[in-house]
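Novice: Here's a structure for you.
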Amino acid sequence: MRDTAGTQAKPVRMERPRSQWRDVWDQFKTHKGALVGMTVLALLVAFVVIGPFVWHEEKLTTTQTYLNKNKPPSLTYPLGTDHLGRDFFLRMMEGGRVSIAVGLVAMTISIFIGTTVGMLSGFFKRLDGPLMRLTDLFLSLPLLPLLLVMVMLFRDALARIFGPELGTFVLIVIAIGVTSWMPAARIVRGEVLALKEREFVLAARSLGTPNRRLILRHVLPNVVSPVMVAATLDIASAIITESALSFLGLGFPPDFPTWGRLLFDGLSYMQQYPERVIWPGLAISLTVLAVNYIGDGLRDALDPRIRGR
C-alpha cells in the first residue's frame, strides 16, 4: 500500500485485546501482601497434600509406639513425637489436610447459600423482607453455642451413618456452612439491587427475557467479584471455627488429627513441650493471614476503579 506521496505505507499492527482476567492478574501482582499470602498458602497446601507421600515410608503410620513417646526433635522426627509416640511432623501434615479441607468445603456451602439468598432477596422485592429478616435472625444467634448444640445433637447419629471420621467431617462443614452465609448474602443483595437497575438489565427485561435467564446470564456473572472476596474470608473463618471446636474437644476424634485438635492435645503438655502448641497455632495463624491477604489482593484487583488507574 502506498500513500499520496508514493511512499510505502507501514502496515498497521493490530494488538490483541487484553482479557479482563489478565488485567485482574496484573493488578493482583502489584499487591505485595497478596503475593506473599499466595506463596505461603501454596507452600502450606503442598506441605499437607504432597508431604505425606514423600515422607519416609516407615513414618506413614500412626501406630502408638510407647518406646518413642515424647521424643525431642531430631533427624528421624523433625518435630519430635507426641505422648503416644506418634510422629508430630506427620500429624501436622495430616491435621493440616483436614483443616484446609474443612475450610474449603464449609466455604463452598456458605457461599452457595449466601449467594442464593442474596440473589433472591435483591432481585425479587416480595422476597426481600422475609429473607433479610431470616438473615438478621441468623446474625443474632450466638455462633459458638449454636455449633456446640448442633455437634451434641447430631454427632452420634451421623457417626452411625458415615462412620466416626466422615460423620464428624460432614457435621462440622455443614454446621459451619449453614451458620456463616449471612455476610455473603448481604454483599450479594447489595450488588444485585444496584445491578438490576442498570441499562443492560433493563434492556434485557424489556425484550421479554425471563427472570431465570436474567439472573444466570446478566446478574450472577457481575457479582462474582465480591463473592470471590467473601469466599476467601469464609475459608479463614471456617478454619478458625473448626479449630475452636476441636480445641474444646467437640471436633474430630482424638485419632483423627486437625490443627485445632493438636492444640487441644498439646494443652496438657504445654509447660513441658511448648512446641506442641506453637506449631499448630503457627500453622493456623499463617493460613488465616495468607487467606486474608489474598482476599485483600482480590478485592483491589477486581475493583475496576482501582484497576483502571
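The values are calculated or read from the model by the stated rules, or taken from the named source; none is laboratory data. Everything numeric in this text was worked out from a predicted model, so none of it was measured. So basically every Cβ, Gly included, is an ideal-geometry build from the backbone, and we count neighbours across all protein chains shown. These area figures cover heavy atoms from the full protein model, side chains too; ligands, DNA and RNA do not enter into them. Shrake-Rupley method; radii C 1.70, N 1.55, O 1.52, S 1.80 Å.
Novice: Just give me the residues in the stretch 118-140 being of a type in the set (A, V, I, L, M) and either over 22 Å from the mean Cα position of the chain (by Cα) or open to solvent by less than 50 Å² (accessible area, probe 1.4 Å) (or both), in sequence order.
Specialist: Matches in the stretch 118-140: Met119, Leu120, Leu127, Leu131, Met132, Leu134, Leu137.
Novice: A further question on this structure: So Glu275 passes all but one of these: (1) in contact (Cβ under 8 Å) with a residue 40 or more places away in the chain; (2) buried (at least 17 other Cβ atoms within 10 Å of the Cβ). Which condition number does it fail?
Specialist: (2)
Novice: Any chance you could count how many residues in the stretch 268-290 are farther than 18 Å from Met93 by Cα, assigned to a helix (DSSP H, G or I) and either aromatic (Phe, Trp, Tyr) or in contact with a Phe, Trp or Tyr (Cβ under 8 Å, 6 or more places away or on another chain) (or both)?
Specialist: Residues that pass the stated criteria total 1.
Novice: Taking Glu199, is it among the charged types (D, E, K, R) and without any contact (Cβ under 8 Å) to a residue 12 or more places away in the chain?
Specialist: It is true that Glu199 is among the charged types (D, E, K, R) and without any contact (Cβ under 8 Å) to a residue 12 or more places away in the chain.
Novice: I need every pair where a residue in the stretch 143-160 that is closer than 22 Å to Met182 by Cβ has its Cβ under 9 Å from the Cβ of a residue that is open to solvent by 70 Å² or more (accessible area, probe 1.4 Å) and in a helix (DSSP H, G or I), sequence separation at least 6 or different chains.
Specialist: Close Cβ pairs (under 9 Å, with a partner that is open to solvent by 70 Å² or more (accessible area, probe 1.4 Å) and in a helix (DSSP H, G or I)) amount to Met150/Ile174; Phe154/Ile174.
Novice: Here's something else I'd like to know. Yes or no: Ile161 closer than 22 Å to Thr116 by Cα, modelled with pLDDT of 85 or more and open to solvent by 60 Å² or more (accessible area, probe 1.4 Å)?
Specialist: So Ile161 fails the test.
Novice: Which count do you get for residues in the stretch 161-172 that are in contact (Cβ under 8 Å) with a residue 60 or more places away in the chain and out of contact with any Gly (no Cβ under 9 Å at 6 or more places or on another chain)?
Specialist: Residues meeting the conditions: 3.
Novice: Within the stretch 68-104, count every residue that is farther than 17 Å from Ala283 by Cα and open to solvent by 30 Å² or more (accessible area, probe 1.4 Å).
Specialist: 12
Residue by residue, here is whether (1) assigned to a helix (DSSP H, G or I); (2) out of contact with any Asp or Glu (no Cβ under 7 Å at 6 or more places or on another chain); (3) under 19 Å from Ser246 (Cβ atoms) holds:
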residue: Met92; (1), (2), (3): yes, yes, yes
residue: Gly96; (1), (2), (3): yes, yes, yes
residue: Ile111; (1), (2), (3): yes, no, no
residue: Thr115; (1), (2), (3): yes, yes, no
residue: Gly118; (1), (2), (3): yes, yes, no
residue: Asp128; (1), (2), (3): yes, yes, no
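Novice: Let me ask you something else. Any idea which of (1) open to solvent by 30 Å² or more (accessible area, probe 1.4 Å); (2) modelled with pLDDT of 90 or more is the one Pro145 doesn't satisfy?
Specialist: Here Pro145 meets the rest and fails (2).
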